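The values are calculated or read from the model by the stated rules, or taken from the named source; none is laboratory data. Note that this is a predicted model, so its numbers are computed, not measured. Here the Cβ is made from the backbone with ideal geometry for all residues, glycine too, and neighbour counts use every protein chain on show.
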Amino acid sequence: MSPIKSPLKSWRSSLVFRVTTTIVSLTIIVIWLIGSALETQISSGIFDEKLRLSIADAQSTARNTQIQLTFSPYQDKAALKLIFTEILAVPPRSFESSARELAVFSFANTNSKFKYAGTSNLVDPISIPESFREKTRKSTATQWERTKLKYVDGKTESAIVVGHVLTIKGAGKYELYVISSLAQQSRTMSLILQYLWLTGVALTFLIGLITFFVLRRLISPIRDAAKVAEELTAGNLELRMDIQGEDEIASLGYSFNEMAVSLQQQISRLENLSKLQQRFVSDVSHELRTPLTTIRMASQVIHATKESFEPTVARSSELLISQIDRFESLLTDLLEVSRFDAQAAVLEIEEVDITALVKETIDYLHPSQDRIIHLWAPDEPVMVDIDPRRIKRIIRNLIANAVDHREDKSVDVQIEQTENEVSIGVRDYGVGFNYTDKKLLFERFWRADSSRARTTGGTGLGLSIALEDAKLHQGEIDVWGERGRGAHFVLTIPKFAGGSIQSKPISAQPD
């Protein structure tokens, strides 16, 4: 069972999830904006229509009431009350139809004999705000306002109140209010909104689903190409993409497969060339051993009798010996490289005092009378399980390089240890190197002086072999350097055979 990915991890790793989420989010925003605009427009249209009808109904009611009051006989307050009671006898509202209520109030200066105030269907008089009543009394035109229709039993709903002033000859002025409930419009608007949002949710879901399946269809070949590329990287050069159809994705698959075939052929050619090169180096190195041995024996015989030669001939014999030594060193390096390539290099482990080994190497390179190398080491022996020949070769290469590039300055060699590791640092204060050179230091046959004009220049294999020797010991070589400030090489190896490096007693970055 595969673990469930977190949304953040899915967002980073899945293009389908990222694009689908983006499209769904944008769809939600667009639908919300369109839905809000439609809601505003529909709500405004429904309200405007209801307002128009309410004003027309209120004006008609006011005219009829005015006529009824004008032509109805009344002599006292009781007769007037009877007429208003008949006017306010509005049928009670039902669930299917919205309420239409009436309210009548007399002006303050109306004769007390004809004062009257009443509402239909137990409507609370506070449904008509006092500020609206004041505005109605001061105006001769029809006035309207949104309000809350309240009943004495506590029911409340939105409504439109329209006000008129009635003038009754001999009785005074009265306020007539027609209150039209907006409950039916609210229910209609709620139903419309419900369908709008349901449609938006369904549309969002369908868009997200369609986007997901379309992207899955488009991304599937790309995902297959990524898997094939991973397999090619892992070395499975025979794997190819399955191609269907003749569209752009199929064209990508054809191109990818052709690239894989070309890559496989090129890698095969390079592997064959590398094998031929390795075999050539190994065979030439071994074949040159025999004639070199013969040449060395002959040169030693000549060198032994150099006293009987003329000075120029004697000097030539000395040069012959030195160049044969250099030639033999080159052959030794080439043979060692061929062993690494063939993975035939083995360790001959011994328990050795690394401090004594370093001192022996320093004395071999520069005898004690030449005090250009300063050694800092623990007073007690530092016992390590190593192949002494290979470790001595690493130290010899590092110190020799430091001496070659020291620019008449001293070289510091430091030994530090922990419970499980030991580090050997070689620091010079000479020419140093830049960042570009640092990446090439351990490349075979690479030399900092490409002109090969330095008299101390080597073959360019020393650091490469040193790194391979360190890896055989499960060790590392760290490097620091700057132009004009020198360089610092640090060899770190485990103390015990088969161990690994957990910490580094010496940092390559100098203090």
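May I ask you to list the residues in region 336-374 that are modelled with pLDDT under 85 and within 48 Å of the chain's Cα centre (by Cα)?
Within region 336-374, 336, 337, 338, 339, 340, 341, 342, 343, 344, 345, 346, 347 meet the criteria.
Only one of (1) buried (at least 22 other Cβ atoms within 10 Å of the Cβ); (2) modelled with pLDDT under 90 fails for residue 464. Which number is that?
The single condition residue 464 does not satisfy is (1).
Could you say whether any residue in region 423-442 is at pLDDT below 85, polar (S, T, N, Q) and either surrounded by fewer than 20 Cβ atoms within 10 Å (Cβ to Cβ) or not assigned by TED's automatic domain parsing to the domain that holds residue 480 (or both)?
yes
Looking only at region 489-510, count every residue that is among the hydrophobic types (A, V, I, L, M, F, W, C), part of a loop (DSSP other than H, G, I, E, B) and more than 18 Å from residue 353 (Cα to Cα) and tell me the total.
3
Name the residue that is farthest from residue 230 (Cα to Cα), counting only residues in region 240-281 that are loosely packed, with under 14 Cβ neighbours inside 10 Å and of a type in the set (A, V, I, L, M, F, W, C).
280
Looking only at residues in region 105-141 that are touching a residue at least 40 places away in the same chain (Cβ under 8 Å) and of a type in the set (Phe, Trp, Tyr), which one is farthest from residue 175 (Cα to Cα)?
Here the answer is 114.
Residue 254: at pLDDT 85 or above, farther than 30 Å from residue 112 by Cβ, under 40 Å from the mean Cα position of the chain (by Cα) and not hydrophobic (A, V, I, L, M, F, W, C), yes or no?
Judged against the criteria, residue 254 is not a match.
Restricting to strands (runs of 3 or more DSSP E) lying wholly in region 342-421: which have 2 or more residues that are closer than 19 Å to residue 467 by Cα?
Result: 383-386, 411-417.
Among the numbered criteria (1) of a type in the set (A, V, I, L, M); (2) surrounded by 18 or more Cβ atoms within 10 Å (Cβ to Cβ); (3) farther than 19 Å from residue 488 by Cα, which single criterion is violated by residue 302?
Failing condition for residue 302: (2).
Could you check region 1-117 for helices (runs of 4 or more DSSP H) lying wholly inside it with 2 or more residues that are hydrophobic (A, V, I, L, M, F, W, C) and modelled with pLDDT of 85 or more?
Passing ranges, in order: 15-71.
Among 377, 402, which is closer than 22 Å to residue 503 by Cα, surrounded by 17 or more Cβ atoms within 10 Å (Cβ to Cβ) and touching a Lys or Arg at 6+ places or on another chain (Cβ under 9 Å)?
Testing whether each residue is closer than 22 Å to residue 503 by Cα, surrounded by 17 or more Cβ atoms within 10 Å (Cβ to Cβ) and touching a Lys or Arg at 6+ places or on another chain (Cβ under 9 Å) leaves just 377.
Could you tell me whether residue 232 is touching a helix residue (DSSP H, G or I) at 6+ places or on another chain (Cβ under 8 Å), assigned by TED's automatic domain parsing to the domain that holds residue 71 and surrounded by 15 or more Cβ atoms within 10 Å (Cβ to Cβ)?
Taking the combined requirement at face value, the residue satisfies it.
Taking into account only those residues within region 140-172 that are among the β-branched types (Val, Ile, Thr) and part of a strand (DSSP E or B), which is nearest to residue 56 (Cα to Cα)?
162
Give region 158-199 a look and list any residue that's in contact with a Leu (Cβ under 8 Å, 6 or more places away or on another chain), over 16 Å from residue 55 (Cβ atoms) and touching a residue at least 40 places away in the same chain (Cβ under 8 Å), or say none.
166, 168, 171, 173, 174, 175, 196
Scan region 264-281 and tell me whether some residue there is small (Gly, Ala, Ser), more than 30 Å from residue 42 (Cβ to Cβ) and either in a helix (DSSP H, G or I) or under 35 Å from the mean Cα position of the chain (by Cα) (or both).
So far as region 264-281 goes, yes, one or more of its residues are small (Gly, Ala, Ser), more than 30 Å from residue 42 (Cβ to Cβ) and either in a helix (DSSP H, G or I) or under 35 Å from the mean Cα position of the chain (by Cα) (or both).
Just the residues that are of a type in the set (S, T, N, Q), closer than 23 Å to residue 214 by Cβ and surrounded by 14 or more Cβ atoms within 10 Å (Cβ to Cβ), please, taken from region 16-44.
Across region 16-44, the qualifying residues are 20, 21, 27.
Criterion first (over 30 Å from residue 137 (Cα atoms) and part of a helix (DSSP H, G or I)) does residue 238 satisfy it?
In short, no.
State whether one or more residues within region 390-406 are at pLDDT 90 or above and under 43 Å from the mean Cα position of the chain (by Cα).
yes
Identify all residues within region 136-160 that are over 60 Å from the mean Cα position of the chain (by Cα) and either of a type in the set (Val, Ile, Thr) or not assigned by TED's automatic domain parsing to the domain that holds residue 122 (or both); write none if there are none.
Across region 136-160, the qualifying residues are 136, 140, 142, 152.
Restricting the search to region 308-340, which residues are β-branched (Val, Ile, Thr) and touching a residue at least 24 places away in the same chain (Cβ under 8 Å)?
Within region 308-340, 324, 337 meet the criteria.
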